[in-house]
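Engineer: Structure provided below as structure tokens; questions to follow.
Coordinate-derived values only; no laboratory data. As the structure is a prediction and not an experimental result, all values here were calculated from the model. For neighbour counting, all protein chains shown are included, and Cβ atoms are generated from backbone atoms with ideal geometry for every residue, glycine included.
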Amino acid sequence: MTNPQLVLTELLQRAMASALGSEHADADPLIRSSQFADFQANVALSLAKRLRRAPRDVAQAIVDHLDFPGTVEVSGPGFINLTLSDEWITEQAETLLTDPRAGVGHSNPPQRIVIDYSAPNAAKEMHVGHLRTTIVGDSLARTFEHLGNEVIRQNHLGDWGTPFGMLIEHLLDVGEPAAIAQLEAGEGSEFYKAARAKFETDPGFQQRARLRVVTLQAEDAETMRLWHVFMDATIRYFNKIYAMLGVTLTDKDIAGESMYNPMLAQTCEDLEKSGHARISDGALCVFPPGFTGSDDQPLPLIIRKSDGGYGYATTDMAAIRYRVRDLGADRILYVVGADQSLHFQMVFAAAREAGWLTDKVSAEHVQIGMMLGKDGRRFRTRSGESVKLNDLLTEAVDRAATAIAERGYDEETQQVIAQAVGMAAVKYADLSVSHDSEYVFDLERMVHFVGNTGPYMQYATTRIKSVFRRADVDPATAKGPIKLGEPAERALALQLLGFGQAVEHTAATAEPHRLCAYLFETATAFTSFYDQCPIILPPPPADVLASRLALCAITLNVLETGLTLLGVPVPERM
Ligand code: ARG
């Protein structure tokens, strides 16, 4: 364990237990970063109140029992300032050098984690909102896997329901080849609109569409074949977007709404039989405790409409039951728009009532905030349409190409770098703000090479690669020993020790922006080190060079691993 905060927590807890009694062995020592030392522990102030003692006395008592690898002092009203010794930092940093995981541990015990993410709707267009759930979900999946957990990706596609009646009839009208071409090109929403317009104006079409819904629900063979034609073409478009983004979702992760169709009746029956659902105004409803409407009446989660039809909530009840009982999940994450918060709260509460969710299984809604345009409103094109993802991602790549145009790469290399930079820009922008906050989609800012952006993080990484190229050293052979001379070297080494904790904290909270913040701090610490501590020119003495290259090697491993967990590609040069 190299992480200073964790090491300090343990040492302080031991000191608190021997100074104040074993009942304090698990108390949080409240370790924070400090202006005057590496860290400070604030626990004495809160303990003093409870113990009715002076805070400085409590702090001193803890310090007297503290076995700490560095210097300690009580300051101000009762803070404990902690400065680690250079020897300790050096020793820990050297363990990172020989650790390919750079201090990241393994979840113990490993969990089976189901992540529901991306989930675009086939009958509508995949939009920037789905972009964000795709990117955030994918990063979480990678992070959990890296920690040794088993991840089951579930792409809960909107691929079922009454609109498919008119979509299939429209497909027959335009002919399969033309429909396929249109859907593969990402024109699903145009296709939908054309079908909708006919449905509203042409009674014959409307009649056919309604009949088609019936044969679809009955899973009639020819109707299912047409549904597959429609879905396969649509999925080929989604896959194009996934490939462009470099996300890990594949066809085997598709678990769309249609998959639950055969389970809906049973799900309703179970809930009705166990007394958790009852008929209200003709509809079958669950009334999970704690939810009331504006009229103070209990709020229903409708799982079967009065006409016998099933809806979004039914599917989610079937899905959560399946994920617990059939998939054996320990933890289920729903990476979905924040506007669906009430829906998920009710689904989780109902599933708890039904006994499907227990203390052993957690369900969390990872709320995704809305993407805004520069006008502060929901992101749309000028004509009010939502923006086609394909176009948006292409624009990001074009802007990246312009940004690196003057660097003198041949055309092919430039295209490869532009692709990596464009995707990094879009993905990092999504990941670096907390997932539930709204933010303005601004390609110009995202493609910037300075500040907390994807391209900056890539640039910091490629700069280290170029150091190794110029020194003609393979990073794998840079083994130190580490010697901390300059303050910037010490600060960088200390920062690197926190990587494991940053990854684990990101997984525990399901908040990738924490990893981004850590990596940005690391890149910043590296930049100071790079500016203040010469590596190539003027050439430092051999031992200093070996130490600096070792710090470069750890930083490279940390940044590359971290960016990989975010799903941000790292080019060789840029
Ligand atoms: N298709 C839905 C939408 O676009 C998201 C589905 C999320 N997952 C779920 N289990 N409900 O809003």
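Engineer: I need the semi-axes of the equivalent ellipsoid of segment 482-574: take the C-alpha gyration tensor, multiply each eigenvalue by 5, square-root it, list largest first in whole angstrom.
Structural biologist: Details: eigenvalues 139, 41, 20 Å².
Semi-axes from the Cα gyration tensor: 26, 14, 10 Å.
Engineer: Among the listed pairs K198/K374; K252/K388; K388/K465; K193/K240, which have their C-alpha atoms separated by more than 32 angstrom in this model? Don't jump to the answer; show the numbers that get you there.
Structural biologist: Details: K198/K374 35 Å; K252/K388 25 Å; K388/K465 36 Å; K193/K240 22 Å.
Check vs 32 Å cut-off fails for K198/K374; K388/K465.
Engineer: Given R₀ = 30 Å, FRET efficiency for R325-T250 by Cβ-Cβ distance, to 0.05? Before the final figure, lay out each step's value.
Structural biologist: Values: r = 24 Å, r/R0 = 0.81.
The pair R325/T250 has a calculated efficiency of 0.80.
Engineer: Follow-up question, since we're still on this one. Taking Rh as the Kirkwood radius, which is the inverse of the mean 1/r over Cα pairs, what is the Rg/Rh value for the chain?
Structural biologist: Details: Rg = 28.1 Å, Rh = 27.0 Å.
That ratio equals 1.04.
Engineer: Can you list residues whose amide H is under 5 Å from A277's amide H, if they're 5+ apart or on another chain and H is modeled 1.01 Å from N?
Structural biologist: Here E272 satisfy the definition.
Engineer: Find how much the distance from A265 to R377 grows on full extension, using 0.36 nm per residue of separation minus their present alpha carbon separation; answer in nm with one decimal. Kindly include the intermediate steps, with their values, before the conclusion.
Structural biologist: On the way: separation 112, 0.36 × 112 = 40.32 nm, distance 4.03 nm.
This chain segment gains 36.3 nm when fully extended.
Engineer: Let me ask you something else. As an exercise, use a Förster radius of 25 Å and the Cβ-Cβ distance of T83 and L6 to find the FRET efficiency, rounded to the nearest 0.05.
Structural biologist: Details: r = 17 Å, r/R0 = 0.69.
So, using R0 = 25 Å, E works out to roughly 0.90.
Engineer: Right, next: Between A476 and D531, what FRET efficiency follows from the Cβ-Cβ distance if R0 is 25 Å, with the result rounded to 0.05?
Structural biologist: On the way: r = 26 Å, r/R0 = 1.03.
Approximately 0.45, to the nearest 0.05.
Engineer: May I pose another question? What's the local net charge at Y409, with K and R +1, D and E -1, over the other residues with C-beta under 14 Å away? Provide the component values of the computation, followed by the final result.
Structural biologist: Details: positive: R407, R573; negative: E406, D410, E411, E412, E572.
Net local charge, Y409 excluded: -3.
Engineer: Also, I was wondering about something else. Around A471, under 12 Å between beta carbons, what's the net of Lys plus Arg minus Asp minus Glu among the other residues?
Structural biologist: +2
Engineer: A197 versus R236, label points 7 Å from Cα toward the beta carbon: distance in nm?
Structural biologist: Modelled inter-label distance: 2.5 nm.
Engineer: Using the Karplus curve 6.51 cos²θ - 1.76 cosθ + 1.60 with θ = phi - 60°, what ³J(HN,Hα) values do you get for each residue of segment 108-120, in whole Hz, with x for Gly and Pro?
Structural biologist: Calculated HN-Hα couplings, in order: 9, x, x, 10, 9, 10, 9, 10, 9, 8, 6, 6, x Hz.
Engineer: Now for a different question. Excluding R548 itself, calculate the net charge of residues whose Cβ lies under 11 Å from the Cβ of R548, where each Lys or Arg counts +1 and each Asp or Glu counts -1. Before the final figure, lay out the partial values.
Structural biologist: Details: positive: K483; negative: E486, E489, D543.
Around R548, the surrounding residues sum to -2.
Engineer: Excluding residues fewer than 8 places away in the same chain, name every one of the aspartates and glutamates whose C-alpha is closer than 19 Å to that of K483.
Structural biologist: Of all the aspartates and glutamates, those that pass the test against K483 - Cα under 19 Å, at least 8 places apart if same chain - are D38, D86, E87, E91, E94, D99, D531, D543.
Engineer: Let me ask something else. Per residue of the chain, what 222 nm ellipticity follows from adding -39500 (n - 2.57) for every DSSP H run with n ≥ 4, rounded to the nearest 500? Let's see the in-between values first.
Structural biologist: On the way: 21 runs with 305 residues, N = 574.
The helix-only estimate for the chain comes to -17500 deg cm²/dmol at 222 nm.
Engineer: Rank F449, V473, L393 by how far each Cα sits towards the positive end of the charge dipole of segment 357-485 (+1 on Lys, Arg Cβ; -1 on Asp, Glu Cβ) and give me just the farthest.
Structural biologist: V473
Engineer: On average over all directions, what projected area in square nanometres does segment 125-224 have, based on the convex hull of its Cα atoms? Don't skip to the answer; put the middle values down first.
Structural biologist: Numbers: hull surface 32.9 nm².
Taking a quarter of the hull surface, the average projection is 8.2 nm².
Engineer: Quickly work out the E395-to-V450 label distance, labels modelled 7 Å from Cα along the C-beta direction, and quote it in nm with one decimal.
Structural biologist: Placing both labels 7 Å along Cα→Cβ, they lie 2.5 nm apart.
Engineer: So, one more: Evaluate the charge dipole of segment 357-463 about its Cα centre and quote only its size in Debye, nearest 20, assuming +1 on the Cβ of each Lys and Arg and -1 on the Cβ of each Asp and Glu.
Structural biologist: Details: 12 positive and 16 negative charges, 46 e Å.
The dipole magnitude comes to about 220 debye.
Engineer: Can you give the percent of C-alpha pairs in segment 122-181 whose distance is more than 14 Å?
Structural biologist: The calculated P(r) of segment 122-181 puts 70 percent of pairs beyond 14 Å.
Engineer: Sticking with this one: Specify which residue in the list S294, Y310, G328 is farthest towards the positive end of the charge dipole of segment 294-336, using unit charges on the beta carbon of Lys, Arg (+1) and Asp, Glu (-1), about the Cα centre.
Structural biologist: So the residue we want is G328.
Engineer: I want to check the label-to-label distance for S466 and K273. Put each point 7 Å from Cα in the C-beta direction and report it in nm to one decimal.
Structural biologist: 6.8 nm
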